[in-house]
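Worksheet: one structure, shown below.
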Amino acid sequence: ILLMPEKIKIRGKIQKLESNFSNSFFIEKNGQKFLIKQRKALKLGQKKLAKIMRITQSAISTLELGKRNISTNFLKELCKHLGINFGHFCKKYCTKTHKSNLPSTLNAELAQVLGYLTGDGNIEKERINFSERDKETAEFYAKKTKKIFKANQRVRFRESKNYYELRVQGQPIVAFLRHNFPEIDKATNSSIPVKIMKSNNKIIARFISGLFDAEGWADKDRLGIGMNNKKIIQELNLLLLRFGIISSFQEYDNRTNPYSKNHRFILAITDKYSLIEFQKNVGFSFSKKKKKLKSLIKSKTSMERSRQILVSGSKIREMFEKEGFNTQ
């Protein structure tokens, strides 16, 4: 007999996000003068500095005359070669431009995209990528990301790898995600963001839905999700208890997989009540998985081994008989 909580009640809060990220900077007049002064102090002409940075002399001249805004990467590189602290320079001499349409609070739609990103995506320097075998899923998240970020994106089928690839472009989006959700990293290093775990159940439900859209499945025996990341599976095991969904945890050494030596961690949901609660509160976004979950619930009987009282049935009968009650 294993004693465990059937439900964890936590009152979450709306999480505020830092959304002030942009593609480029406008350098003020005194900032332009400071750059020229620093370059001359290092005894660097425009031509020599341009050669070191592998750009044209006209690019340096245009920048110092204030004729053009400067990209984040370009300004970082320039500060590095001139021995200037990038953060301090930006704060003192620069104004951000071309602000992206980024959310200032963690909403349900963003939470679902974050769940999907945690399961099937990766963050690069200037874009986020998603890999998906199902066309309907890829197109669904293309619409979601377009609505949230209003960024350039595309979906293409990669025949060599037999999956659909969704790319969402934008350095501000990358900066936004890395700043607000630093826990989302490489597949084996990620964890569920703290801002998600501090949110209300509506936000958490959408995050879990996104994660299951990426890595979850339903078959004739169970609803499951498998990953190479032990921490996320353990955190998910606890998060599901916010809805009274009981799940079990399994680990496989993956020795039969020729493509990976990483251990595989699986979370499974088998009891009918938990499956119904998952369908009601979380659910899948796509028709195939919805049908499979519905079929799985239908096949389950109401006979459960979980959610039982601690004392055995024979002891309870003995108690009733001792008090003179009919066992019926």
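Given the criterion surrounded by 14 or more Cβ atoms within 10 Å (Cβ to Cβ) and more than 30 Å from residue 186 (Cα to Cα), identify the matching residue among 240, 267, 223, 296. Testing whether each residue is surrounded by 14 or more Cβ atoms within 10 Å (Cβ to Cβ) and more than 30 Å from residue 186 (Cα to Cα) leaves just 296. For residue 276, the test of being assigned to a helix (DSSP H, G or I), open to solvent by less than 100 Å² (accessible area, probe 1.4 Å) and over 22 Å from residue 208 (Cβ atoms) is failed. Is it fair to say residue 196 is β-branched (Val, Ile, Thr), under 13 Å from the mean Cα position of the chain (by Cα) and outside any loop (DSSP other than H, G, I, E, B)? Here the answer is yes, as residue 196 does meet what is asked. Among the residues of region 124-135, is any of a type outside the set (Phe, Trp, Tyr), within 29 Å of residue 13 (Cβ to Cβ) and open to solvent by 20 Å² or more (accessible area, probe 1.4 Å)? The answer is no; no qualifying residue exists.
For the structure I just gave you, tell me whether residue 144 is crowded, with 16+ Cβ neighbours inside 10 Å, in contact with a helix residue (DSSP H, G or I) (Cβ under 7 Å, 6 or more places away or on another chain), over 25 Å from residue 286 (Cα atoms) and of a type in the set (D, E, K, R). So residue 144 does not fit the description; no. Residue 200 meets all of the listed conditions (1) more than 25 Å from residue 143 (Cα to Cα); (2) among the polar types (S, T, N, Q); (3) open to solvent by 30 Å² or more (accessible area, probe 1.4 Å) but one, namely (1).
Within region 147-164, if we keep just the residues that are within 17 Å of the chain's Cα centre (by Cα) and open to solvent by 10 Å² or more (accessible area, probe 1.4 Å), the residue that is nearest to residue 118 (Cα to Cα) turns out to be 148. Looking only at residues in region 311-328 that are part of a loop (DSSP other than H, G, I, E, B) and of a type in the set (S, T, N, Q), which one is surrounded by the fewest Cβ atoms within 10 Å (Cβ to Cβ)? Among those that are part of a loop (DSSP other than H, G, I, E, B) and of a type in the set (S, T, N, Q), it is 328.
The values are calculated or read from the model by the stated rules, or taken from the named source; none is laboratory data. Note that the coordinates shown come from a computational prediction; the quantities given were computed from them, not determined experimentally. With ideal geometry, Cβ positions are generated from the backbone for all residues, glycine too; neighbour counts draw on all protein chains shown. We work out accessible area using only protein heavy atoms, side chains counted, and drop any ligands, DNA or RNA first. Shrake-Rupley method; radii C 1.70, N 1.55, O 1.52, S 1.80 Å.
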